[in-house]
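Just below is one structure, and these are the notes that go with it.
The values are calculated or read from the model by the stated rules, or taken from the named source; none is laboratory data. Please read these numbers as outputs of a predicted model, since none were measured by experiment. Neighbour counts are summed over all protein chains in view; Cβ atoms, including those assigned to glycine, are modelled from backbone coordinates with ideal geometry. All accessible areas refer to the heavy atoms of the entire protein, side chains included, with ligands and DNA or RNA removed. Shrake-Rupley method; radii C 1.70, N 1.55, O 1.52, S 1.80 Å.
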Amino acid sequence: RPEVNTLLFLVQDFLSVVERQAEGVATGKEPEDAALRYCERFMELLIDLLSQLPTRRFIKLLLEDLAVRVKCQNAALAQHAKGRLFSQLVDMFVYFCEFEINDHTGAQFTDMELVQEHFQKMQVLQLIAFKYIPKLRSLALSHIGGIDERNSLKKHLNLLTLEELVKLGITLQILAPEDKWLDDRSFVEELMLEALEQKTSQKSKVVELPLYPTEEILWDENLVPNMHYSGDKCLALPKLNLQFLTFHDYLLRNFQLFRLEATYEIREDIIDNAARLGPYENHMGELKFKGWARMCIPINAFTVAEVKKPRVGEVKPAAVTAELAFTTQTISPDIKQEWDSLKQHDIVFLLCLRAPLDVLDEDNNKDASEDVPPKVAADRAGIVYVRGAEVIEMRDSAGKLMNDFSGRIFAGTC
């Protein structure tokens, strides 16, 4: 019955192509374009199969048994510059592999159920270590919170030889005995860590997303493609299908697409306005502008006023407050009125600009109206960094609040 082994043979062939390209990259060769496109399209197929429950319940166990996730993440192809899209598709593949859902019933796991499942895995590991592996006696007697982080768990596993580590992985049903990659300690160790470490929940990942897009997302064509997308390659974007894993999955995919659509609009506005400014460096080494843009204005002073401590359970600052000083005396009255009308909760973007680099490649010799990669367009405009900010309050030169609708009265110096 060929239909029984078709998917298995396809996945094995895909892994052999990834391995072959990784060997070529390790010797200094460039990845083959045809092989790279095949890997990207096949990874897209696996994502589609995992993102729907009728196919997910059958394919997920096969992909876990073949360790597709770790083999693709550790492949040199994912680390190569040309493999940027492949690496992003692997990240999407990992997201759907870790999706918090019962693969057979379709019920979404609660936070407590995920914690209990993780504790059960760690308790089984501790029982086996206590009974059969004297080297891991400290791991067996430790509390779970002290050993389920990647660094601490790796420290304990480093005490074992490769044979002992493989035997432990097979006992825990993490490693497949017939896998030919078991001679690679880094692969075995990474697979053990991936299966046993405490994973970040989807809610926590959404909370950790930046409120405003930065240059890492803005110039990435795989996430935010140009308007003239030809469809010759796949994109690392969630798809809106006729079926979703859960209602949470439906909301999360729409949120990601809306976020990237807003990022596209922001990117176009930023590049357009920065290009109109025309930054250049004068003979004194100072940055000057030969053009102007309606809603772009130089900053005279920038001071970070306060950095609040992270909230409980978080690592990023709760808030960062800064003071910006700029002047509107040199601009026309109608534009000055627009700047003076800024109020609380309005969004502004701070740009770090430099004089554009010399035109050295043929992409920069194209006409400005032609479709060029976002990174090239940003380099032409001299954009280095992009940061978003929310207006808390506007003050005039005398320190009085402007456009304040809360009834507060402020008197002081700016």
Exercise. In the list ASN226, ASN222, which residue meets the criterion of being more than 29 Å from ALA107 (Cα to Cα), among the polar types (S, T, N, Q), touching a Leu at 6+ places or on another chain (Cβ under 7 Å) and not in a helix (DSSP H, G or I)?
Worked result: ASN222
Exercise. Before we move on, is GLU44 modelled with pLDDT of 90 or more and open to solvent by 30 Å² or more (accessible area, probe 1.4 Å)?
Worked result: yes
Exercise. Filtering region 29-38 down to residues that are surrounded by 15 or more Cβ atoms within 10 Å (Cβ to Cβ) and in contact (Cβ under 8 Å) with a residue 40 or more places away in the chain, which residue is farthest from the chain's Cα centre (by Cα)?
Worked result: PRO31
Problem set entry | Selected residue [of a type in the set (Gly, Ala, Ser) and modelled with pLDDT of 85 or more] from ALA275, ALA355, ALA293, ALA368 | ALA275
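For (1) surrounded by 13 or more Cβ atoms within 10 Å (Cβ to Cβ); (2) under 30 Å from VAL17 (Cβ atoms); (3) over 27 Å from the mean Cα position of the chain (by Cα), each residue gets a yes or a no:
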residue	(1), (2), (3)
GLU40	yes, yes, no
LEU50	yes, yes, no
PHE96	yes, yes, no
PHE99	yes, yes, no
HIS104	no, no, yes
MET122	yes, no, yes
For this session: All but one of (1) crowded, with 18+ Cβ neighbours inside 10 Å; (2) of a type outside the set (Phe, Trp, Tyr); (3) closer than 24 Å to LEU175 by Cβ hold for GLN73, so report the exception by its number.
Result: (1)
Problem set entry | Where ILE170 falls short, out of the listed (1) in contact (Cβ under 8 Å) with a residue 12 or more places away in the chain; (2) in a helix (DSSP H, G or I); (3) hydrophobic (A, V, I, L, M, F, W, C) | (1)
Exercise. Which residues, taken from region 147-199, are surrounded by fewer than 17 Cβ atoms within 10 Å (Cβ to Cβ) and β-branched (Val, Ile, Thr)?
Worked result: THR161, ILE170, THR171
Seminar exercise, completed: Just one listed residue, out of PHE93, PHE130, is closer than 28 Å to ILE170 by Cβ, free of Cβ contacts under 8 Å to residues at least 12 places away in the same chain and touching a helix residue (DSSP H, G or I) at 6+ places or on another chain (Cβ under 7 Å), and it is PHE130
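Looking at the structure I just gave you, is ALA26 in contact (Cβ under 8 Å) with a residue 40 or more places away in the chain, surrounded by fewer than 16 Cβ atoms within 10 Å (Cβ to Cβ) and either in contact with a helix residue (DSSP H, G or I) (Cβ under 7 Å, 6 or more places away or on another chain) or not hydroxyl-bearing (Ser, Thr, Tyr) (or both)?
For ALA26, the condition - in contact (Cβ under 8 Å) with a residue 40 or more places away in the chain, surrounded by fewer than 16 Cβ atoms within 10 Å (Cβ to Cβ) and either in contact with a helix residue (DSSP H, G or I) (Cβ under 7 Å, 6 or more places away or on another chain) or not hydroxyl-bearing (Ser, Thr, Tyr) (or both) - is met.
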Exercise. If we scan region 245-252, do we find a residue that is in a loop (DSSP other than H, G, I, E, B), hydroxyl-bearing (Ser, Thr, Tyr), touching a strand residue (DSSP E or B) at 6+ places or on another chain (Cβ under 6 Å) and closer than 30 Å to VAL90 by Cα?
Worked result: yes
Exercise. Looking at region 265-302, which of the residues that are farther than 17 Å from TYR212 by Cβ and assigned to a strand (DSSP E or B) is most open to solvent (accessible area, probe 1.4 Å)?
Worked result: GLU281
For this session: Confirm whether HIS143 is crowded, with 16+ Cβ neighbours inside 10 Å and modelled with pLDDT under 90.
Result: no
